[in-house]
Structures are given as structure tokens and as C-alpha cells.
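First comes the structure, then the notes that go with it.
The values are calculated or read from the model by the stated rules, or taken from the named source; none is laboratory data. Note that the coordinates shown come from a computational prediction; the quantities given were computed from them, not determined experimentally. For neighbour counting, all protein chains shown are included, and Cβ atoms are generated from backbone atoms with ideal geometry for every residue, glycine included. Just the protein is used for accessible areas: all its heavy atoms, side chains included, with ligands, DNA and RNA removed. Shrake-Rupley method; radii C 1.70, N 1.55, O 1.52, S 1.80 Å.
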Amino acid sequence: TMLRVWDCIFLEGDKILFRVGLGIIEDNEKSLLAIREPHELFQAVQGLGRHELDADNLLKVGFGLRMKRSQVEDLRKQYREEVQRERQQRMAKKGSSES
């Protein structure tokens, strides 16, 4: 699987990494959606890709995505801002509870 992904990187550029990542997530979608605790999700995401993957399915999903780089950048910016906002809220809450 890894060699096929490397071939695609050389052919398509680094954008394939994002697509392969989404393919891995889709391949594990049912088990990820069943998780209810944040720490369990973190552990599960860390373990993604450690088992054997179906290269054909992974690349099929990856190349089946119709996203422009600009869309990816816009989504990245949007969610980065949301994550930063949530992090600041948690830190503020934590700071106020320690006082």
C-alpha cells in the first residue's frame, strides 16, 4: 500500500496525502463514529493505518474526492479557527476554576 501511495505522491503531488488520510478515515468510519469519549477517539486516530489497508479501496476513495486545493485550504482555515476558539474557551474555563 505504501509504495502505491508514494507513486501517487510523485505523480499527483502532496495533495494525495490529504486524500489518502480521508480514505483511511472513511475506511474506519463506523468504528470512529461509535466512539463517545474524546480520549478514546484520540487513541483510535493514533492507531489508524497500523493495520493492513486495502490499497485499491484507499486510492479509489482518495481519487474519488472532487475537491479543489482552495476548498481544502478554506476548510482548513475554518476549522483551525474553530479549534483555536474552543481551545481558548477551555483554557479560560480552566483558569477561572483554578482561581
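Of note:
- Estimated 222 nm signal from helices in the chain, with DSSP H stretches of n ≥ 4 weighted -39500 (n - 2.57), rounded to 500: -25500 deg cm²/dmol
- Just so you know, the Rg over Rh for the chain is 1.08, from Cα atoms, with Rh as the Kirkwood radius.
- The C-alpha atoms of the range 11-50 occupy a region whose extents along the principal axes are 38, 16, 16 Å, arranged from largest to smallest.
- The reciprocal of the average 1/r between distinct C-alpha atoms defines the Kirkwood hydrodynamic radius, which for the range 25-75 equals 12.8 Å.
- Using alpha-carbon coordinates, inclination of helix 55-64 to the longest axis of the chain, degrees: 70 degrees
- GNM result for the chain, Cα springs below 10 Å: residue of Phe63, Phe18, Phe42 fluctuating most strongly: Phe42
- Annotation: Glu37 carries an accessible surface of approximately 90 Å², with a 1.4 Å probe and no ligand, DNA or RNA atoms counted.
- The range 1-45: trypsin sites (Lys or Arg not before Pro) in DSSP coil with no more than 16 other Cβ atoms inside 10 Å: Arg36
- Whole-number percent relative contact order across the chain, with pairs defined as alpha carbons under 8 Å at least 6 apart: 33 percent
- Only protein heavy atoms count here; on that basis, with a 1.4 Å probe, Val83 has an accessible area of about 90 Å².
- Taking every protein chain into account, the 1.4 Å probe leaves His39 with about 110 Å² of accessible area, to the nearest ten.
- Per residue, the accessible area of the chain comes to 84 Å², computed with a 1.4 Å probe over protein heavy atoms only.
- Built amide H within the under 5 Å cut-off of Asn28, gap 5+: none
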